[in-house]
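Taking it in order: structure first as structure tokens, then the write-up.
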Amino acid sequence: MMAQHSEAHQKYPPHPTLALLGDWAAAGAIRALDLSLTRFIHTQAPEDDPAVLLAIALTSERNGHGHVCLDLAQALHHPQTLLTRLRDDQPLAQGIRLALARELGALTLTDWVARLRASSAISRAEDARDPVDPRPLVLDGDPERPLLYLRRYWAYEQRIAEGIQGRLQQPLPLPETPLAGLLDTLFQPAGDQAAAPSSSPGPGPDWQRLACALAARSGFFILTGGPGTGKTTTVVRLLALLQRLAAVQGLPALRIELAAPTGKAAARLNESINAQVNALPPPEGIAGEVGPIPTRVKTLHRLLGPRPDSRRFRHHPGNPLAADVVVVDEASMVDVEMMVHLLDALRPEARLILLGDKDQLASVEAGAVLGDLCQRAHRAHYTPDTRDWLARVSGQDVPEAMVDANGGALDQAVAMLRTSHRFSDQGGIGALAARVNDPQQDPRDPDAALAAVRAVFERSAAEPDSQLGRVAAIQLQDEADPRFDEQVREGYAGYLQRLEQAPDDPDASARVDAWAHDILQAQRQFQLLTALRDGPWGVTGLNTRIIQVLRAARLLPGESDAGAPAQRQWFAGRPVLITRNDYTLNLMNGDIGITLPVPVRQNNEVRTVLRVAFPGEAGQVRWVLPSRLQAVETVFAMTVHKSQGSEFEHTALILPDAPNPVLTRELLYTAITRSRRRFTLLYSQASVLGEAITRRVNRDSGLSGRLLRRHPPAPAPSPP
Ligand SMILES: Nc1ncnc2c1ncn2[C@@H]1O[C@H](COP(=O)(O)OP(=O)(O)OP(=O)(O)O)[C@@H](O)[C@H]1O
């Protein structure tokens, strides 16, 4: 015992800060990983300064919450935003918060930075580029906003900035006359062409047309916008424009790749892109051969070429993708590591076009790349050069409030679509999403935010027949409120009732497939979303409760694998979510399947066995044995994070009864915008809702600063 004790002491000398961090880890305020890393660095580079040890632990802790770095000034001014794992009702919470405030209170920014600079564990940005620099952390950022990174994340951010910068500075030959003519053909006024988009309704320019023009002249481009604002419509026109421009210039047809971060998001883009491509006006009057626009969307993993048991991909700088243009949809879900792999896999001259909704939740992993790059999208910041060029080629006038003589190169490569063609912002889902996302909202006034949101629910209740996407709010008494059960029965009955129509002829495989296809479609009618994983309001608790409710209503069969917890049992009707890519089965993280009773012939007898049906390509059904599915979970309830990239006809979001830092405006907005026709909010405490609307996701990162700092405004191509 003594020997063990002294060994431990030898390994980790009893430094007071490490002891304090040990207490925090024991209380769950930081992760064991954060503590181990700090201890490890302490042993490798005998680092005794408490201010340095604290900074290392906090940087690692922030990484665990999706931050790329630690913003030192923010940490000093708002220590309450740190240690977000700590819940206020935890017994030691108050003591830990006081200790953190005391440690940070003893520091000034200048003093902290000076001590970090003196540390042998921390590199300065200018030295960190040296590949043999062994120091595990990097201090970067501006004097007024110093940022501390774990080296890996610093390198990721650096590579992303370089990959984007290289593309922003790449000269692209762009003849103005054919560009203007092609934009005219692709954006004909309404009536001239049934399915083509008309000039945008309401005041202001046609942002879709403007975005196409801007994207055509840039090696890197971001198109952001809320649901139904026409991102897919615009990108299809952009790709047509690029192919036609190539033909006009006598260049070879472009090789285009379409990708999305999850299988679900890829399938959704697949569904919408076909119709859009077919609706394109024919390429008349172009002498050369016009290249095709692909309609098959791959997952990003598939595009980059996964390698078994490796985080690396088949495509990298030494073996880049044979693509001239790569479009990535739902880019808000792409984390820093994946963005690095994507940029690494592209030839330097390949164009990259990102599509996404900047206001949605960022990826679970570190970084909010799209959000960072779109920070200035609302006000555009187009330079006078860009404004004049856009007026010439697209005939669209940028509003003066969006012109900025100091706009940066990145600003000129971002366009935001502002009008939803699916929802009106006057009522229902569109109005609710707009209120929750209101940039004018005062974060210190949750009551005002709550009142604005309530008004939308009241208007929708007064117009129950509205076609604008109905929204409803139900205030539950507690977690056992029977109105929750009603919602669940009503929501899931649609597909569960179809289980009874199972064909009983084992030889009628086409009928079995058609029945399964119908059920898969019906399952997309309703989805319950929650913010949390654990507890009665989290995925696990809710799934158990829903199974009970559906069994009591005889919508689910009672029998199941004896002894297995309800969550893991296989039973007819169980919807499952794939939680890890499985390349052998060709199932991707986020795919949803349904367990169905299927008739089979065994030894001349007809028996019913359970198989899991997944949507396949072109309306086909793929069948998988339950025992082959390794990483799945029941998905009657799904986290909002997992729902990204999916849409359902009716989405219901249930909020917990106590405040929680994961409840943010971005989470509410993402949940609301998963709904195509109906959205129901289930909550028990109005204060929890009010807090959620006013809390913003804030992810520390230096990406936008890095790009803004290093990029002078791009000169607009001059007239020929
Ligand atoms: N300018 C326009 N005028 C009229 N209808 C349009 C216009 N642009 C898009 N639409 C229609 O609006 C709907 C949504 O468009 P689209 O799918 O391109 O949007 P999106 O931003 O990609 O949507 P989401 O990301 O929510 O799937 C489609 O039915 C499309 O035909």
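Of all alpha-carbon pairs in the range 307-371, indicate the percentage at a distance above 14 angstrom. Counting every Cα pair in the range 307-371, those more than 14 Å apart make up 60 percent. Restricting the range 307-395 to trypsin sites (Lys or Arg not before Pro) that sit in a DSSP loop and have at most 13 other Cβ atoms within 10 Å of their own Cβ leaves Arg311, Arg312, Arg314. The gain in end-to-end length when the Asn274 to Glu176 segment is fully stretched comes to 32.4 nm, 0.36 nm per residue minus the alpha carbon separation. Evaluated at q = 0.09, 0.10 Å⁻¹, the base-10 log of the normalised Debye intensity for the chain, with identical point scatterers placed on the Cα atoms, takes the values -0.91, -1.11. For the chain, the longest piece that avoids every one of the GluC sites (Glu not before Pro) found in DSSP loops with at most 12 other C-beta atoms within 10 Å covers 350-558. Each principal axis of the Cα cloud of the range 226-382 was taken in turn, and the coordinate range along them, longest first, works out to 48, 38, 32 Å.
Using C-alpha pairs below 8 Å separated by at least 6 residues, the relative contact order for the chain is 13 percent.
With +1 on the Cβ of every Lys and Arg and -1 on the Cβ of every Asp and Glu, and nothing else charged, how large is the dipole of the chain about its Cα centre, in debye rounded to the nearest 20?
920
Between Leu92 and Leu610, residue separation times 0.36 nm minus the direct Cα-Cα distance comes to 181.7 nm.
Counting every pair of alpha carbons in the range 12-123, the share spaced more than 24 Å apart comes to 16 percent.
For the chain, the carbon plus sulfur part of the accessible surface works out to 51%, probe radius 1.4 Å. Contact order for the range 403-514, expressed relative to its length and based on alpha carbon pairs under 8 Å spaced 6+ residues apart, stands at 20 percent.
If I take R0 = 25 Å and measure r between the Cβ atoms of Arg580 and Lys298 in this structure, what FRET efficiency does the formula 1/(1 + (r/R0)^6) give, to the nearest 0.05? After rounding, the FRET efficiency stands at 0.90.
The values are calculated or read from the model by the stated rules, or taken from the named source; none is laboratory data. A quick note: this is a predicted structure, and the numbers were derived from the prediction, not measured. All Cβ positions, even for glycine, are placed from backbone atoms using ideal geometry, and neighbour counts span all protein chains on display. Calculation scope for accessible area: heavy atoms of the full protein, side chains included, ligands and nucleic acids excluded. Shrake-Rupley method; radii C 1.70, N 1.55, O 1.52, S 1.80 Å.
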